[in-house]
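Below is one structure, written out as structure tokens; comments come after it.
The values are calculated or read from the model by the stated rules, or taken from the named source; none is laboratory data. No experiment lies behind these values; they were computed from the predicted model shown. Virtual Cβ from ideal backbone geometry, glycine too; neighbours counted across all protein chains shown. We work out accessible area using only protein heavy atoms, side chains counted, and drop any ligands, DNA or RNA first. Shrake-Rupley method; radii C 1.70, N 1.55, O 1.52, S 1.80 Å.
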Number of protein chains: 2
Amino acid sequence: MTLIDETTALDRAEHLTTLGASLRRALDGSFSAERAAARNAFPSANMLMDPQLDVDAARRWTLGRLRELSESGFGSAGVPARAGAHADPLAAVVTFEMLAYGDMSVTIKSGVQFGLFGGAVANLGTAWHHDTFLPDITSMKLLGGFAMTELGHGSDVASLETEIVYDPETREYVVNSPTQGAAKAYIGNAAVDGTMAAVFGQLKVDGEGHGVHTILVPIRDDQGRDLPGVTTGDQGHKGGLLGVDNGTISFDHVRVPRRMLLDRYGGVDEHGTYRSPICDPNRRFFTMLGTLVRGRVCISAAGGIGARRALSIALRHGLTRRQFPASGRPEGVLLLDYLTYQRRLLPKVARAYALGFAQNDLTAALVHVQGGGHHTERDQRELETRAAGLKAMTTWFANEAVQEAREACGGAGYLSENRLTTLRQDLDIFATFEGDNTVLMHLVAKGLLTHYAQAWNALDRTGVVHETTRVVGEALLERSAANVAFERLANSVRRRPEETAMVDRGWHALMFEERARHSLESLARRMRAARKEAGDGFEAFNRLGPHAQFAARAHLEQVTLAAFVEGIAQCHDDDARAVLEQVCSLYAMESIHKDRAWFVEHHRISATRSKTLVEQIDTLCRHLRPHALALVEGMGIPAPWLSAAIADAGSYHPEGA
Amino acid sequence: MTLIDETTALDRAEHLTTLGASLRRALDGSFSAERAAARNAFPSANMLMDPQLDVDAARRWTLGRLRELSESGFGSAGVPARAGAHADPLAAVVTFEMLAYGDMSVTIKSGVQFGLFGGAVANLGTAWHHDTFLPDITSMKLLGGFAMTELGHGSDVASLETEIVYDPETREYVVNSPTQGAAKAYIGNAAVDGTMAAVFGQLKVDGEGHGVHTILVPIRDDQGRDLPGVTTGDQGHKGGLLGVDNGTISFDHVRVPRRMLLDRYGGVDEHGTYRSPICDPNRRFFTMLGTLVRGRVCISAAGGIGARRALSIALRHGLTRRQFPASGRPEGVLLLDYLTYQRRLLPKVARAYALGFAQNDLTAALVHVQGGGHHTERDQRELETRAAGLKAMTTWFANEAVQEAREACGGAGYLSENRLTTLRQDLDIFATFEGDNTVLMHLVAKGLLTHYAQAWNALDRTGVVHETTRVVGEALLERSAANVAFERLANSVRRRPEETAMVDRGWHALMFEERARHSLESLARRMRAARKEAGDGFEAFNRLGPHAQFAARAHLEQVTLAAFVEGIAQCHDDDARAVLEQVCSLYAMESIHKDRAWFVEHHRISATRSKTLVEQIDTLCRHLRPHALALVEGMGIPAPWLSAAIADAGSYHPEGA
């Protein structure tokens, strides 16, 4: 990918409004130059798959399109080409975002090939693997799968059943699927295209288990036939992403040379002895998984782009389509002039901006950790927690947003030519893969309790609940400049929240902080009480599952608002900043409004004040209505790339403006 | 359709539990015998379309399957075969429900051919139309479209642009599409199969407009070629329902003989004079539209069945699939033992039951109005309002429920073989067609204000707000035995709501009633104030749009709870009744919980009490967990008909129970 500084060619072709261009720069944030350059360089012909293609044709088109994009530099960015080569995490994320402007099958196929398969070799392998395989992976000569998930074990990686047993006689590993449930499942590139897989399984050496490791296993010959002992299956038609060839792989005592084990974090030496730079198996496991964090960052980014595409289509539709005539509007009311329509879409636009700023911060954190400079283990853990949480928040939101956009466009939204239904179908699984969202939110809650306050395990030991939860509260946010500013905002109104104007950012900050802090404190407290009572760790955590989900969400909302506030501070265009302040308020108020029961129940907001939230939201919608087009432009999808008939002003509805 | 009394053959084949069979009888309600007979008679081979079919193949399969079902008696039920023949509305609804157990494209194609096209001829035509066309319609020799919606006018039927102009010279009508936006759009049977359409347009006689009327227009010859002046278009691939051939139709001064106008409510006599049995054009318009209410009843019914199918699949999956091991559960925890999983699905099961009982009442009201006996105009209006509202509530819910089921089944839920994604894609448009849900909810709010209290127009005249709103409150519910019982329940706790146990049905009734009554009263009040202030009818209603949506929903929740309570009263099996009481409580508490902010803001529930709602819901989920299988059986979909691999215990996950 060539990063050029010429950012206006496409802008000019788009005829962006001044405000729209400024909003776009603001939302692109610190990566504005890279993103603008990528937009300019992206080969934008043939962007979206014909929705009529059947499974075989969809797969062929997807593979061809990915080869084409990869040759143009929008593929393997971020995967090192050989041992010692630098892999730029920013290029990886920006490339993935660009792919998400187009077809999601291509995007995910890219993620499978470069992010997951290539990423496993790069991150878990050592020099021999890098030199031997990376050139063919980046050139797409060698296509491979990332064989982690099993039929019987989706989210529970530690319990994988696949066995990788070292045979000292032959100096080989024997890879085996001992049960039907041990079959690898949902593996991209497994049904047709892949000739190799990075297989996760339980390593056993001399009868001793060393936990989950990863080994490269050839699965097909050049003619596409399964290799001896390997059985692949085609999982066929899916709810979307038809271009990705997901399949199953089973192994019947498949023998693989010793050096095929990706042994950066553990393997067998020439004497048949297991060696690992990390002694603690648990830490080793999480270190290995931790290297894969980039996948979640990318999926989150792509989900956010998907939401913006859908909202862009629906808003452009609402700006041309008229409905019932009304007094003073004999030609019919523009859809976007209906408050109900505004309320459906504008708060979602606000959230799309908010999550965009949070995504920028997440990308920056990834660059910090994987960019080659110094970082601490705490940085890594924080990145993992935030990536897990933001991936869940963004992909859930993306599905909601696309669905709302589809419904807002009525019957037209249901026609494939308007691109919303395919997008919705493709995004659906984003809520499940790269970690099931519900499980990820549990991880966030656990992470908050564990890493930030040592509370999870310490509670029983110390018994000093108050002290512990105070620590939890203080440690809730990472120590960054943005968070210090956020804390200052919250403090500014702490003594008189009910007297503060509801559009005051300090009030939003305080409410977000109180929600996050209190829900985590009470989770810690209830966890401790429940454990004592039930004497059953599972039941205790199980009962508190919904509470843990809430606490995780509350935390992520705070992270998101803090990112938005910081993003506005970085915007130096007065008009754009003024609009962004309103967008931020709309995001914050909608978030508070959705949880207003919680705020009232916990005496953070009076019932009287709570009732008036909705009027404030209505007012913000009215104020933002004139900026609708600029807000769409700011979301960053060039209009022609939407490829939706209804988003093309005037082409479809002659009565439109 | 043969209604036989032998209801046990299929039950035996299904090995239903005793409790499951009782729950099914209870939920089938007054129509238990008819539904059981229909299940037994339904030709259940080849039920679901292969999701891999392309558009052409999907359409061919759908047409073939509908012909096959129609020959077995599951097609034209409810459409009279000739003039004077009785059309049984109950048979129509039960047949439609049965079709919805199978493929939704077939279901909707049936609705287009028999319900809409056949229904237009039957309800808007007179004896000549009946004798001439109904035999060929019911035998599927004549396939037709229901050409109401136009590109430029979806929900706004009164503004249709298509012209039907009488030419006294030739005694013909000239049908014309004056603009591009006047093209008929999204019309089922228009792209390929239909040779005729019931076309809605503005009737003009001798220069005078008489509003929207309907005329039969031949559109294709036997070879499938457009007839002169007719241009059909294929809207191609859609977000779902691939088997339904939706298309556009434009008319360029197409001449049609005089008798082709469906003239039950208005037409031109042999002297060229316009005659109508209904003088008021507005009343005529609504009377014509009112005859089409059965379509909404059917769509609502089918949506409810779709939700039950998805929930059945996800619950059966949750009863076999295990995840992370935990203390005391080394083999992994059954998904359905996770509280988070229970909370995802069981409240939706409860709502599926609740809406099922409400649907039973709606069907009974349809039978009352269209069954040939005496009914008042008020009965008709109430039926229309309830059909509009329940269609919106049920189809929105169906999409939510299927989506939640898909996500709960993880990656497996995304495979087409598990049937959830296709179902989701097919149901998507249910929220839009037969009336856009948001528009329908506005209709409900308007209906509540207009018909039940004459408030809408009277407000400005009387100025006696308190008096008016008292009337509104009292008239909120139709006067039925069920509603009298409901009122008695609410009254039983009115003086001490905060001291009443939260599982007390009286408390639920009171809360539901208060929510419905107060939101409608305040809507009426705010409408009046806003009108005075703004002097602009549109802006007034526009600003109150979200409030109107809330009031409509609150009303429908009350109607639904009342139906549930009455349904339980009709259940004479003690075990089933005990479970249904808990299911009803779960539905009621979840509904209150979702709106708890409103209840607290309006001082109906204290903040302290509100906080404890969630514990009650958790407890109900735990109590219902052991009855999960019976609850699935009660929802009425025979297990083999689910056709989902993951719903088939043990077949897919060897580690399953």
| field | Scope region A:376-433; condition among the aliphatic types (A, V, I, L, M), over 15 Å from A:MET104 (Cβ atoms) and more than 8 Å from every other protein chain (Cβ to nearest Cβ); matching residues | value | A:LEU383, A:ALA387, A:ALA388, A:LEU390, A:ALA392, A:MET393, A:ALA405, A:ALA408, A:ALA412
| Out of all the residues in region A:109-127, is one or more surrounded by fewer than 24 Cβ atoms within 10 Å (Cβ to Cβ) and among the charged types (D, E, K, R)? | no
| Among the residues of region A:522-559, which ones are modelled with pLDDT of 90 or more and farther than 15 Å from A:MET441 by Cα? | A:SER522
| field | Considering residues of region B:276-309 that are of a type in the set (S, T, N, Q) and open to solvent by less than 60 Å² (accessible area, probe 1.4 Å) only, the residue farthest from B:LEU642 (Cα to Cα) | value | B:SER276
| said: Looking at A:GLN570, A:GLN558, can you tell me which residue is under 29 Å from A:ARG24 (Cα atoms) and either open to solvent by less than 20 Å² (accessible area, probe 1.4 Å) or not assigned by TED's automatic domain parsing to the domain that holds A:MET441 (or both)? | reply: A:GLN558
| task | Consider A:GLU514 carefully, then state whether it is open to solvent by less than 30 Å² (accessible area, probe 1.4 Å), of a type outside the set (Gly, Ala, Ser) and out of contact with any strand residue (DSSP E or B) (no Cβ under 9 Å at 6 or more places or on another chain). | result | yes
| note | The one condition A:VAL165 fails out of (1) in contact (Cβ under 8 Å) with a residue 60 or more places away in the chain; (2) away from chain B (no Cβ under 14 Å) is (1)
| query | Taking the condition modelled with pLDDT of 80 or more and within 14 Å of chain B (Cβ to nearest Cβ), does A:ALA445 pass? | reply | yes
| message | Being touching a Phe, Trp or Tyr at 6+ places or on another chain (Cβ under 6 Å), among the β-branched types (Val, Ile, Thr) and farther than 29 Å from B:LYS141 by Cα is the requirement here; does B:VAL212 meet it? | response | no
| request: Mind listing just one residue for me: the one in region B:211-243 that is closer than 26 Å to B:ASP156 by Cβ and among the hydrophobic types (A, V, I, L, M, F, W, C) and, of those, nearest to the chain's Cα centre (by Cα)? | output: B:LEU241
| Mind checking which residues of region A:80-108 are open to solvent by less than 10 Å² (accessible area, probe 1.4 Å) and in a loop (DSSP other than H, G, I, E, B)? | A:GLY102
| query | Which members of region A:607-616 meet the condition of being more than 9 Å from every other protein chain (Cβ to nearest Cβ), under 10 Å from B:GLU601 (Cβ atoms) and open to solvent by 40 Å² or more (accessible area, probe 1.4 Å)? | reply | A:THR612
| Sole residue being farther than 23 Å from B:VAL297 by Cα, assigned to a helix (DSSP H, G or I) and open to solvent by less than 50 Å² (accessible area, probe 1.4 Å), chosen from B:ARG39, B:ARG59 | B:ARG59
| request: Just name the residue that is nearest to the chain's Cα centre (by Cα) out of those in region A:463-519 that are at pLDDT 90 or above and aromatic (Phe, Trp, Tyr). | output: A:PHE512
| Does region A:326-342 contain any residue that is in contact (Cβ under 8 Å) with a residue 24 or more places away in the chain, within 25 Å of A:ARG424 (Cα to Cα) and within 8 Å of chain B (Cβ to nearest Cβ)? | yes
| said: Step by step: first the residues of region B:244-270, then only those that are within 31 Å of the chain's Cα centre (by Cα), away from every other protein chain (no Cβ under 14 Å) and not hydrophobic (A, V, I, L, M, F, W, C), then the one that is least open to solvent (accessible area, probe 1.4 Å). Which residue is that? | reply: B:GLY266
| message | Suppose the filter is out of contact with any Leu (no Cβ under 9 Å at 6 or more places or on another chain), without any contact (Cβ under 8 Å) to a residue 24 or more places away in the chain, open to solvent by 20 Å² or more (accessible area, probe 1.4 Å) and of a type in the set (Ser, Thr, Tyr); does B:THR273 pass it? | response | no
| Selected residue (only one of A:ASP28, A:ASP11, A:ASP5 is among the acidic types (Asp, Glu), modelled with pLDDT under 90 and not in a loop (DSSP other than H, G, I, E, B)) | A:ASP11
| note | Just one listed residue, out of A:ARG275, A:ARG220, A:ARG258, A:ARG264, is in contact with a Lys or Arg (Cβ under 6 Å, 6 or more places away or on another chain), of a type in the set (Lys, Arg) and not assigned by TED's automatic domain parsing to the domain that holds A:ALA127, and it is A:ARG258
| Limited to region B:199-210, what total is found for residues that are closer than 13 Å to B:GLU150 by Cα and open to solvent by less than 10 Å² (accessible area, probe 1.4 Å)? | 3
| said: Show me the strands (runs of 3 or more DSSP E) entirely contained within region A:129-193 in which 3 or more residues are open to solvent by 50 Å² or more (accessible area, probe 1.4 Å) and β-branched (Val, Ile, Thr). | reply: none
| request: Return yes when B:GLY356 is out of contact with any Lys or Arg (no Cβ under 8 Å at 6 or more places or on another chain) and assigned by TED's automatic domain parsing to the domain that holds B:LEU556 and no when it is not. | output: no
| message | Taking the criterion of being within 14 Å of chain B (Cβ to nearest Cβ) and touching a strand residue (DSSP E or B) at 6+ places or on another chain (Cβ under 7 Å), would at least one residue in region A:210-233 satisfy it? | response | yes
| query | Restricting to region A:42-56, what's the tally of residues that are open to solvent by less than 20 Å² (accessible area, probe 1.4 Å) and part of a helix (DSSP H, G or I)? | reply | 1
| Is it the case that A:ALA350 is buried (at least 19 other Cβ atoms within 10 Å of the Cβ) and within 14 Å of chain B (Cβ to nearest Cβ)? | no
| task | Output the residues belonging to region B:617-637 that are open to solvent by 20 Å² or more (accessible area, probe 1.4 Å), more than 10 Å from chain A (Cβ to nearest Cβ) and either closer than 21 Å to B:GLU499 by Cβ or of a type in the set (Lys, Arg) (or both). | result | B:THR619, B:ARG625
| query | Going by the conditions given, is A:ILE592 closer than 30 Å to B:VAL614 by Cβ and either more than 10 Å from chain B (Cβ to nearest Cβ) or in contact with a Ser or Thr (Cβ under 6 Å, 6 or more places away or on another chain) (or both)? | reply | yes
| said: Residue under question is B:ASN189, and the condition is that it be at positive phi, away from chain A (no Cβ under 14 Å) and touching a residue at least 60 places away in the same chain (Cβ under 8 Å); does it hold? | reply: yes
